[in-house]
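Reading through the structure tokens given below for one structure.
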Number of protein chains: 2
Amino acid sequence: MKSPQSIGSYLIHRLHAHGVRHVFGIPGDYVLSFYDLLQRSPLRIVNTCDEQGAGFAADAYARVRGLGAVCVTYCVGGLKVANPIAGAFAEKSPVVVISGAPGIDERARDPLLHHKVREFDTQRRVFEQLTVASAVLADPQTALAEIDRVLHAALRFKRPVYLELPRDRVTVPGLPHHRPGNGAEPSDRRSLRAAVAEAAAKINAARNPVILADVEVHRFHLQDLVLRLARRSHLPVAATLLGKSVIGEQHPFYLGVYEGALGRPEVRRHVENSDCLVLLGAFLTDINLGVFTARLDPARSIYATSEKIAVGLHNYENVRFEDFLAALARAPFRRRTLPRFAHPRPAALGPLRPLRAPLTVRRLFARLDAFLTPEIVVVADVGDALFGAADLFIPGRTEFLGPAYYTSMGFAVPAGIGAQMADRQKRPLVLVGDGAFQMTGLELAAAVRHGLNPIVVVLNNRGFGTERPMQDGPYNDVAALRYHQLPALLGAGRGVLVRTDAELAAALAAAKDYTASFFLIEAELEPNDRSPALQRLTARLAKRV
Amino acid sequence: MKSPQSIGSYLIHRLHAHGVRHVFGIPGDYVLSFYDLLQRSPLRIVNTCDEQGAGFAADAYARVRGLGAVCVTYCVGGLKVANPIAGAFAEKSPVVVISGAPGIDERARDPLLHHKVREFDTQRRVFEQLTVASAVLADPQTALAEIDRVLHAALRFKRPVYLELPRDRVTVPGLPHHRPGNGAEPSDRRSLRAAVAEAAAKINAARNPVILADVEVHRFHLQDLVLRLARRSHLPVAATLLGKSVIGEQHPFYLGVYEGALGRPEVRRHVENSDCLVLLGAFLTDINLGVFTARLDPARSIYATSEKIAVGLHNYENVRFEDFLAALARAPFRRRTLPRFAHPRPAALGPLRPLRAPLTVRRLFARLDAFLTPEIVVVADVGDALFGAADLFIPGRTEFLGPAYYTSMGFAVPAGIGAQMADRQKRPLVLVGDGAFQMTGLELAAAVRHGLNPIVVVLNNRGFGTERPMQDGPYNDVAALRYHQLPALLGAGRGVLVRTDAELAAALAAAKDYTASFFLIEAELEPNDRSPALQRLTARLAKRV
């Protein structure tokens, strides 16, 4: 008979089975014994500077690999990841929060153990608001099944979950002979068949159907099915900002990023004039869809997500998103020619001649666009780093990460760490404003420590550029740092300050050659220079302030 | 008739009336209109690098001034202060969290506004776990009264509170003719009289009564009353770690810091052998009291806090802490001579001769002890920065700030900013480990920006020194930064690396002379060198890992 597994070992085993290879976090006494287990397991611990950074890194890791994990101590660690986990919830990223906790037995004796806020379950109550499933692994009789239930919820809904592991339960054996359940609830076959038949008929009856692919296509890793559907049906594919890079942006079927009135007019025209919009994995949020300038009619849509399948006004229950998409991609479609549209690549600038004039936002993105290769994953922080990046031409697939709905500043530097840990073949290009960099930029220390080499472009416009046009005041200024001096503090990496396009071109070339550690480019920009997309966005947001 | 005040103006007005002069935070679009009001008010906005720093700064500000405020945007800002606010709850610090939010009217139209996690009240639900009172100021009919209720709770319980201000309510007038209520519930006179009479009689009947002063004496600013009580009754005064510096530590009545078996044996003997322990504002937590090595008998105690008044086994209801203490300080006491005890100042080292041997933790604290003056406020982070500092001899009063119960790393640098903003006559001496410095040390950028000049000593022992003796592994290492190079990044301040006592002495002298900005001393320490207090603590904590 096999000896029963401990609760801690089983958790590690299941994470590994779901593809997790790295756990981000910072230890503390309530979680030390689990760290000891992790250290002796096939999972690698990735320390960050602050738990906040670990949370963002795990989110990016989950977006790339399908599941991520952050492991922290009770309250002083756990509550620091409340915001990154809220972002993972909002943007559907399956992150497992593992928190140490006081032992169940010591709780009875000692009412005021350190790190406790109010009640022993205060932290769990907080995370109930921010996750789709949670459990305190207190009872060895149920702990293994609870781990299954909670991990299954993360994978099913692509949202974060919370597991609290009291320190006196880590090495306690769970139920012997426990086997992980399958967990998958199959689609109802009749509903699936009916939904696909109606959807295919609707597409075939339409004059100008268009696919709009959004975030869940990334999360469920259904990019191949979307491409197959597009190829078989000859439908063009647009992507939302959260869905950007869902198919390679040089693909002939790729229409561009749809952002309502904020995006390229041609994309908007195709999408909004379509008599059959196929919304795949969509997430109808304000910034993602251009602050509700979008006008999308449900009666003329096919809407498929993990939470709902609807063809026109007919909802179908018990049909899984991935089953629907797989079946639809096999459905019979009538012959159709792909409509003609301009390629989304920004007006060809030819080989960019280096300019000696002060660098502009527009030129910065043109230069970055020319710099991209399939080996690069773009990670954008909030502000023009994100909105300007919307027009970047991403050559690969799934190679654009940005908090385009929750828009929490400080995402990009730690997310770059998570993204590169998830796929060491890639090199992150992190785009980050000066305000956001001050929040989490020091996490480059973790990049140094773990041998990562992101290229980081700090868009230094001396303040919160998204807010200035809405309402300005000294509170929109940020402290004036010399970002390119960061290597002096970290004792590694390279940093350069660029003020002109020519200097940027030289810096990017140097970054490409320097792969030993991070390469930071501080790009000095005019405080009131903004990308066209951000200009349109802030004009709309300002109306609501 | 006076024109009715807007909800936002009234909130500012009431904060000002309660002594608040600075509001810490970072703006975002949902809170911009309130920032505009703040900017035109007598309150000064203090931007930090990250909201986490604003939370810790507001906590320290509240500890010094009696009320603090942090003002953030919805979710992406608010959830970043969950951990600092949890710490303020645990250690009784009255911080007002003011969060912007989507307008009430726009919520109906737009179900997925940016920054939203799950429901519109998700953030409020989180803060209900971490505060003593909360309100969403949605209804102009009740908003002003709600502000009164919530601020009153902060002052009454010395705990954080939460106010959410939807952006379409900021400039909406509240009820006309509203006047702030008094809010104070007076003590029941008979109970008060009976409690004080019994307490005085118990003290008079005792052979060796001792006062043990804790955190609430600081929070309710009752230091003068404790001193008066000690003088009139001739009782010696010990303090807990959270209560440290509750009376000047050179005072003849001052016994020292009581930390159970972790502290000085003489203090322990006096406290634990007392036949009448007068516990004032006490908070019986594990680390604060030496991981429960303390043996305190309720029958032999007088116990007075804001939540409970008990004399021996008799509880008295409806008696306020401050009323009890004021009346007790006026009670008749029999003649008694102060017992003899050694002064807590560590063995006089005389004028410290500079040593050229590698710096030790013990020598570091001896050197710091000699450096202290009444103008310095010591702000300690978690680890030996805190436990080693327990033996520092604080000359002033209320001049020691440290998270001695909640023990969240990253507290000290931003708390130093808050403490100096609260009292510009003081200069913070921030003691912080390398691990904690990586979490929030960049907030020194905010110190530069706002003209503050803390002295920061980074205890660089290359890792989490509190954890190493409990259980060690590579996860206890932190990235190797060159902390003294920080001025290169910030473009201001001074930084020096010290490896010997002689270098430390020179650095401290230079720090005293340099007052233009922050002065950072990176003290290189052996990874396994620990203060005696921390050695004893970690030996006990290790038993529970």
Problem - Of all residues making up region A:185-210, the number that are in a loop (DSSP other than H, G, I, E, B) and open to solvent by 60 Å² or more (accessible area, probe 1.4 Å) - result: 4
Practice task
Kindly indicate whether any position in region B:77-84 is at pLDDT below 95, more than 18 Å from B:VAL150 (Cα to Cα) and of a type outside the set (A, V, I, L, M, F, W, C).
Solution key: no
Handout entry: Test: B:ALA419 is out of contact with any Gly (no Cβ under 7 Å at 6 or more places or on another chain) and either at the interface with chain A (Cβ under 9 Å from one of its Cβ atoms) or closer than 23 Å to A:ALA436 by Cα (or both)
Key = no
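Do we find that B:ALA101 is among the small types (Gly, Ala, Ser), at pLDDT 95 or above, within 16 Å of the chain's Cα centre (by Cα) and open to solvent by less than 10 Å² (accessible area, probe 1.4 Å) in this structure? Explain how you work it out, then say what you get.
On the way: among the small types (Gly, Ala, Ser): yes; at pLDDT 95 or above: yes; within 16 Å of the chain's Cα centre (by Cα): no; open to solvent by less than 10 Å² (accessible area, probe 1.4 Å): yes.
Judged against the criteria, B:ALA101 is not a match.
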Practice task
Sort out which residues of region B:433-489 are more than 8 Å from chain A (Cβ to nearest Cβ), outside any loop (DSSP other than H, G, I, E, B) and in contact with a strand residue (DSSP E or B) (Cβ under 6 Å, 6 or more places away or on another chain), and write them in order of number.
Solution key: B:GLY433, B:ASP434, B:PHE437, B:ILE455, B:VAL456, B:VAL457, B:VAL458, B:LEU459, B:ASN460, B:HIS484, B:PRO487
Completion exercise
Given (1) modelled with pLDDT under 95; (2) farther than 27 Å from A:VAL311 by Cβ, A:GLN141 misses just (1)
Exercise for the section: Output the residue which, of all residues in region B:8-44 that are within 23 Å of B:PHE89 (Cα to Cα) and within 14 Å of chain A (Cβ to nearest Cβ), is most open to solvent (accessible area, probe 1.4 Å). Expected result: B:HIS22
Fill in the blank from the handout: Counting only residues that are closer than 24 Å to B:HIS218 by Cβ and open to solvent by 10 Å² or more (accessible area, probe 1.4 Å), region B:135-152 contains a total of 1
Exercise for the section: Mind listing just one residue for me: the one in region B:236-261 that is without any contact (Cβ under 8 Å) to a residue 60 or more places away in the chain and touching a strand residue (DSSP E or B) at 6+ places or on another chain (Cβ under 9 Å) and, of those, most open to solvent (accessible area, probe 1.4 Å)? Expected result: B:HIS251
Problem - Only one of A:ALA58, A:ALA108, A:ALA54 that is more than 10 Å from chain B (Cβ to nearest Cβ), among the hydrophobic types (A, V, I, L, M, F, W, C) and open to solvent by 10 Å² or more (accessible area, probe 1.4 Å) - result: A:ALA108
Practice task
Determine if region A:358-376 includes at least one residue that is touching a strand residue (DSSP E or B) at 6+ places or on another chain (Cβ under 8 Å), among the charged types (D, E, K, R) and modelled with pLDDT of 95 or more.
Solution key: no
Exercise for the section: Looking only at region A:439-449, decide whether some residue is open to solvent by 20 Å² or more (accessible area, probe 1.4 Å) and within 20 Å of A:LEU508 (Cα to Cα). Expected result: yes
Handout entry: Residue in region A:262-274 that is at pLDDT 90 or above, open to solvent by less than 30 Å² (accessible area, probe 1.4 Å) and under 23 Å from A:GLY68 (Cβ atoms) present
Key = no
Exercise for the section: Spot the failing condition for B:ARG65; the list is (1) more than 10 Å from every other protein chain (Cβ to nearest Cβ); (2) open to solvent by less than 10 Å² (accessible area, probe 1.4 Å); (3) more than 14 Å from B:MET409 (Cα to Cα); (4) not acidic (Asp, Glu), and only one is missed. Expected result: (2)
Exercise for the section: Consider B:ARG118 carefully, then state whether it is among the charged types (D, E, K, R) and touching a residue at least 40 places away in the same chain (Cβ under 8 Å). Expected result: no
Exercise for the section: Would you check which residues across region A:518-544 are surrounded by fewer than 20 Cβ atoms within 10 Å (Cβ to Cβ), touching a residue at least 12 places away in the same chain (Cβ under 8 Å) and assigned to a loop (DSSP other than H, G, I, E, B) and list them? Expected result: A:GLU526, A:PRO527, A:ASN528, A:ASP529
Practice task
Mind counting the residues in region B:112-128 that are surrounded by fewer than 22 Cβ atoms within 10 Å (Cβ to Cβ) and facing chain A (nearest Cβ under 8 Å)?
Solution key: 4
Problem - Among (1) within 14 Å of chain A (Cβ to nearest Cβ); (2) of a type in the set (Val, Ile, Thr); (3) out of contact with any helix residue (DSSP H, G or I) (no Cβ under 7 Å at 6 or more places or on another chain), the one test that B:THR500 misses - result: (1)
Exercise for the section: Could you please give the count of residues in region A:379-423 that are of a type in the set (A, V, I, L, M, F, W, C) and touching a Lys or Arg at 6+ places or on another chain (Cβ under 9 Å)? Expected result: 13
Problem - Lone unmet requirement of (1) farther than 23 Å from A:GLY53 by Cα; (2) modelled with pLDDT under 95; (3) buried (at least 22 other Cβ atoms within 10 Å of the Cβ); (4) within 17 Å of the chain's Cα centre (by Cα) for B:GLY396 - result: (3)
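The values are calculated or read from the model by the stated rules, or taken from the named source; none is laboratory data. As the structure is a computational prediction, the values presented were derived from the model and not from experiment. Neighbour counts run over all protein chains shown; Cβ positions are idealised from the backbone, glycine included. With ligands, DNA and RNA removed, areas are computed over all heavy atoms of the protein, side chains included. Shrake-Rupley method; radii C 1.70, N 1.55, O 1.52, S 1.80 Å.
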